[in-house]
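Laboratory data are not the source of any read-out in this text; all were calculated from the coordinates shown. Just so you know, these numbers come straight off a predicted model, no measurement behind them. Backbone-built Cβ (ideal geometry, glycine too); neighbour counts: all protein chains shown.
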Amino acid sequence: MDIDILELSERKARFILSDVSVSFANALRRSILAEVPVMAIDEINIYDNTSVLFDEQLSLRMGLIPLKADTKNFTLPEECTCEGKGCPTCQVSMTLSAEGPKVVYSGDIVSSDPGVCPADATIPIVELKEKHKVVLEAIAKLGTYRKHAKWQVGTVSGYKNVPILTFKECDLCGECVKVCPRNILKPGKNKVMVEESDKIECSLCKLCEEACEMDAISVDYDPEAFVMVFETSGAMTAAELAVEAANSIKGRAQKMGEILDTL
Ligand code: SF4
Ligand code: SF4
Ligand SMILES: [Zn+2]
């Protein structure tokens, strides 16, 4: 397996994954979307709510706020020694107390653990008018997207095969250049060409192939190389998510090996 990073920022990664099967690329895509545990608010005790939102709407909004945390310090409630009753290993308490007039933002949430906090401080929760109040305690727990979308850390994850474009000599009519939606084809000396750095931008739509009456273009792809892209909710960085997603696949493969060994 080979990895060539094309783009890596706090919340987005784009890379070429080569010498792997399509099944592995798809397993990684799915793992990024659904298998990596993160913290999210799962329980709310509302002490006062005179805002325009029902308790349920307020709770739903709180649950969908991405929370940053070092997840290695926590255990999934169902795997915790407290058997899910709630302890410092599997949950964190947060409070929110605000009085209008003001817009309440995610940054107003106060966490009992400084290592667990909203990934963004500017997510609006509710607008409070004069004398409106919200006082509540929120309990954050680890979970995965398999249980609920609020635990989804990989918000976008997809891949395509690495395109292989070949051009033969032609009369340079320019039809393929006109139809290419990615605008990557250029007339060369005696045939059409594409810059090396633009090749991976090809969407494999084959419109150029169809437009060419001289059969001078061939659009193919590498079955064992993929351009992968994913984004995170902010609950962890793109680099952390890639490592955690790969570890999740490894962990499940190990478990399967152990089960097979007992047969
Ligand atoms: S490759 Fe075909 S469509 Fe494109 S410029 Fe040449 S002849 Fe025209
Ligand atoms: S396959 Fe589509 S995107 Fe790729 S070069 Fe041809 S027209 Fe452009
Ligand atoms: Zn516990």
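How many angstrom lie between the C-alpha centres of segment 1-43 and segment 164-219?
Cα centroid of segment 1-43 versus Cα centroid of segment 164-219: 31 Å apart.
Given Cβ point charges of +1 (Lys, Arg) and -1 (Asp, Glu) and nothing else, what value in debye, to the nearest 20, does the dipole of segment 39-143 about its Cα centre take?
220 debye
Of S31, S21, S197, which is the most mobile in a GNM of the chain whose springs link Cα atoms less than 10 angstrom apart?
Between S31, S21, S197, it is S197 that shows the largest mean-square fluctuation.
May I ask for the distance between the Cα centers of segment 46-89 and segment 235-252, given as a whole number of Å?
Answer, in whole Å: 22.
Normalized C-alpha radius of gyration of segment 39-143, against 2.2 N^0.38 Å?
1.08
When only DSSP loop residues count, what GluC sites (Glu not before Pro) in segment 90-146 have their Cβ near at most 11 other Cβ atoms within 10 Å? Don't skip to the answer; put the middle values down first.
Details: sites: E99, E127, E130, E137; in loops: E130.
Qualifying residues, ordered by number: E130.
For segment 22-98, state which chymotrypsin sites (Phe, Trp or Tyr not before Pro) are in a DSSP loop and have at most 15 other beta carbons lying within 10 Å of their beta carbon.
Values: sites: F24, Y47, F54, F74; in loops: F54, F74.
Within segment 22-98, the qualifying chymotrypsin sites (Phe, Trp or Tyr not before Pro) (loop, at most 15 other Cβ atoms within 10 Å) are F54.
Filter the trypsin sites (Lys or Arg not before Pro) in segment 11-109 down to the DSSP loop ones having no more than 10 other Cβ atoms within 10 Å, then list what survives. Working shown, then result.
Working: sites: R11, K12, R14, R29, R30, R61, K68, K72, K85, K102; in loops: R11, K85.
Sparse-neighbourhood loop trypsin sites (Lys or Arg not before Pro): K85.
Modelling each spin label as a point 7 Å along the Cα-to-Cβ direction, I'd like the D220/S203 distance in nm, to one decimal.
It is 2.4 nm.
Restricting to Cα pairs below 8 Å that are 6+ residues apart, what does the relative contact order work out to for segment 39-143? Please round to a whole percent.
On the way: 233 pairs, mean separation 44.8, N = 105.
So the answer I get is 43 percent.
Can you tell me how segment 108-263 classifies by the Cα gyration tensor, rounded, prolate or oblate, using a/c under 1.5 as the rounded cut?
Working: a/c = 4.14, a/b = 1.83, b/c = 2.26.
It comes out oblate by the Cα gyration axes.
Between P124, A138, T75, whose Cα lies farthest towards the positive end of the dipole of segment 39-143 when Lys and Arg beta carbons carry +1 and Asp and Glu beta carbons carry -1, centred on the Cα centre?
P124
Taking a point 7 angstrom from the Cα of E10 along the C-beta vector, which residues in segment 77-113 have backbone N less than 18 Å away?
106-109
Please report, to two decimal places, log10 I(q)/I(0) for segment 84-197 at q = 0.09, 0.18, 0.23 Å⁻¹ as given by the Debye formula with identical point scatterers on the Cα atoms and no solvent.
Ignoring solvent entirely, the Cα scatterers give -0.56, -1.03, -1.29.
Pick out, from S106, T237, A225, the residue whose Cα sits farthest towards the positive end of the charge dipole of the chain, with +1 on the Cβ of Lys and Arg and -1 on the Cβ of Asp and Glu.
Checking the options against the dipole of the chain, the answer is S106.
Please compute the modelled spin-label separation between K102 and L64, points set 7 Å along Cα→Cβ, answer in nm with one decimal.
Modelled inter-label distance: 2.4 nm.
With each run of n ≥ 4 DSSP H residues scored as -39500 (n - 2.57), what mean residue ellipticity at 222 nm is computed for the chain after dividing by its residue count and rounding to the nearest 500 deg cm²/dmol?
Numbers: 5 runs with 56 residues, N = 263.
After summing the helix terms and dividing by residue count, I get -6500 deg cm²/dmol.
Looking at the calculated P(r) for the chain, what percent of the C-alpha pair distances fall above 22 Å?
Of all Cα-Cα pairs in the chain, 66 percent lie more than 22 Å apart.
Might you report the magnitude of the Cβ-based charge dipole of the chain about its Cα centre, with Lys and Arg at +1 and Asp and Glu at -1, to the nearest 20 debye?
Dipole size: approximately 400 debye.
Using the Cα centre as the reference, give the magnitude of the dipole from point charges on the C-beta atoms of segment 75-228 (Lys, Arg: +1; Asp, Glu: -1; all else neutral), rounded to the nearest 20 debye.
600 debye
Set the Förster radius R0 to 30 Å, insert the Cβ-Cβ distance between F24 and E240 as r into 1/(1 + (r/R0)^6), and round the FRET efficiency to 0.05. Don't skip to the end; give the middle numbers.
Numbers: r = 20 Å, r/R0 = 0.67.
Efficiency, rounded to the nearest 0.05: 0.90.
Quick one: net charge around G115, please, counting Lys, Arg +1 and Asp, Glu -1 for every other residue with C-beta under 9 Å from its C-beta. Don't jump to the answer; show the numbers that get you there.
Working: positive: K68; negative: D70, D113.
Around G115, the charge tally is -1.
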